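So the structure is just underneath, and the comments pick up after that.
The values are calculated or read from the model by the stated rules, or taken from the named source; none is laboratory data. On a predicted model such as this, the values are computed, not experimentally measured, just so you know. Note that each Cβ is placed from the backbone with ideal geometry, even for glycine, and that neighbours are counted across all protein chains shown. Side chains included, ligands, DNA and RNA excluded: accessible areas come from the protein's heavy atoms. Shrake-Rupley method; radii C 1.70, N 1.55, O 1.52, S 1.80 Å.
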Amino acid sequence: MVKKAIFLMMAALLVFTAACSSGGGSEGSSSDGSVNLRIAWWGSDARHEYTQKVIDLYKEKNPNVKIDVEYASFDDYWKKLAPQAAASQLPDIVQMDISYISQYAQNGQLEDLAPYLGNQIKVDDVSENVISTGVINGKQYGVPAGVNVLGFQYDPALLQKAGVDAIPDNMTWETYEELGKQAADKGLYLDGGVAPDIFFHYFLRTKGLSLYNAEGTGLGYDDDKLFVEFFGLMRRMIEQGAAPTPDIANQTKGIIEESDLVKEKGIGVWQWSNQFVALQQVANRPLAFAPMPGPDMEKGLYMQPSMYWGVTSNSKVKEEAAKFIDFWVNDVEANKLIKGERGVPISGAIKEAIAPELSDATKQVFEFVASMEPNASPMSPPPPVGSPEVISSLADVVEELNFGKITPEQAAETFRKNAESVLANNK
């Protein structure tokens with residue numbers, strides 16, 4: 001009995017010691033000078049493949065570093081990250097989405113990277129408008145992995161079929177609606193509809209406003225007439241046959257091969273610049289870019305990170321984690337493997353260095369982003385905690401509106417009530 005009691009006490013002591021020593025991240029630095037890193041990201045198989053090659057290149061150049069990788073699809077990634085965060089067992093380096101970075105930052109799960117900028121992470125040729133997108137409440141919680149910009153991606157031949165030679169310079173929303181009527185007269189959609197939160201936010205920015213207020217405690221606009229104006233226009237596009245009805249749009253949502261543009265039923269699509277290459281590959285015919293509508297396009301336009309790299313607060317090897325982020329940003333060989341898949345590189349020197357390595361479609365993306373960057377304004381603060389619920393509510397309300405079940409005024413009122421209820425939790 002005594003031996004059994006001693007054994008149980010020793011076992012309990014071992015469990016307690018392990019629990020006390022568990023700090024998440026990797027095992028940190030070893031006595032032999034080796035460093036162990038954990039890194040996590042989401043994406044497609046193609047992204048996983050080249051990211052592993054970048055990691056292998058880093059280990060080749062830094063033989064003292066060992067790196068364990070964790071990756072998943074977008075939805076599975078966040079399901080896996082949440083319990084790790086709760087247990088302070090997050091990887092050292094995490095890929096962060098703009099919809100989640102505020103939550104992880106405010107929960108104290110991300111490290112302020114400001115002390116590493118200019119030291120371990122070189123950013124001297126990165127635009128301030130770009131690097132500042134990772135700042136939340138005055139702290140640098142993320143470094144963009146790449147940047148995107150909104151625009152209209154279209155088929156010039158189909159545009160001419162609709163009787164239009166070119167997208168007009170300085171296009172307005174009124175011009176956009178008129179183009180829609182011309183497309184519908186020729187049996188074509190002008191576009192496949194818009195992502196409600198992204199494009200309403202852009203529209204609000206052209207008015208000097210935002211979807212969320214600066215504190216993240218409520219909506220960033222007071223006058224619901226703005227909601228009625230924007231989504232009333234989107235509803236008219238459907239009624240006029242310039243955009244597909246929701247039931248048709250829902251059948252092809254997220255499937256590039258089934259999109260109206262690929263099937264030559266629609267002239268173009270409003271989306272982020274990094275989505276162009278995949279669209280071009282599937283369409284397999286010449287496509288082009290056009291800027292966003294105005295007036296005041298310059299106020300609405302912004303460079304948005306495709307995603308961020310962040311270092312977790314529970315990491316024991318934060319400096320080495322920062323060095324890896326620098327490698328991603330500034331190493332030419334690494335970026336020849338990445339080729340802008342996570343957005344246009346944020347380093348000016350890297351953009352220039354890898355240009356000869358790019359496909360024609362990727363060059364189009366780089367050129368469009370470069371042409372838009374001088375016209376862009378600083379990005380609004382990253383969406384606040386609760387934003388995924390707000391975005392979901394907006395999508396539901398807009399779908400009801402587009403089906404004709406409610407009026408724009410009713411949609412505006414319902415959305416405000418739902419959004420304010422969620423965002424009030426941040427007060």
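Put the Cα centre of the stretch 143-181 next to the Cα centre of the stretch 214-237 and the gap is 22 Å.
Highest average first, the peptides 107-113, 70-76 ordered by how many other beta carbon atoms sit within 10 Å of their residues are 107-113, 70-76. Restricting the stretch 351-427 to chymotrypsin sites (Phe, Trp or Tyr not before Pro) that sit in a DSSP loop and have at most 14 other Cβ atoms within 10 Å of their own Cβ leaves F403. Extension gain, Q52 to E178, is 40.6 nm, computed as 0.36 nm per intervening residue step minus the present C-alpha separation.
Site pair E413 and D68 shows an inter-label distance of 5.5 nm when each label is modelled 7 Å from Cα along Cα→Cβ. Average accessible surface for the chain: 46 Å² per residue, computed with a 1.4 Å probe over protein heavy atoms with every protein chain in place.
Rounded to the nearest 0.05, the FRET efficiency derived from the C-beta distance between K122 and N375 at R0 = 30 Å is 0.70. In this structure the amide hydrogen of L261, modeled in the peptide plane, comes within under 5 Å of the amide hydrogens of G266, none closer than 5 places in sequence on its chain.
If R0 equals 25 Å, the separation of the Cβ atoms of K405 and L226 corresponds to a calculated FRET efficiency of about 0.70.
Go through K139/K253; K225/K427; K122/K363; K66/K336; K59/K80 and tell me which ones have a Cα-Cα distance over 31 Å in this structure. Listed pairs above 31 Å: K139/K253. Under a straight-distance cross-link criterion of Cα-Cα below 16 Å, which lysines are reachable from K181, leaving out those fewer than 8 residues away in the same chain? List returned: K161, K265.
From zero outward in steps of 20 Å, how is the percent of C-alpha pairs of the chain spread across the bins? Reading upward from the zero bin: 24, 53, 19, 4, 0.
So what's the back-of-envelope 222 nm ellipticity for the chain, counting only DSSP H runs of four-plus at -39500 (n - 2.57) apiece and dividing by all residues, rounded to 500? Taking each H run of at least 4 residues, the total per residue is -14000 deg cm²/dmol.
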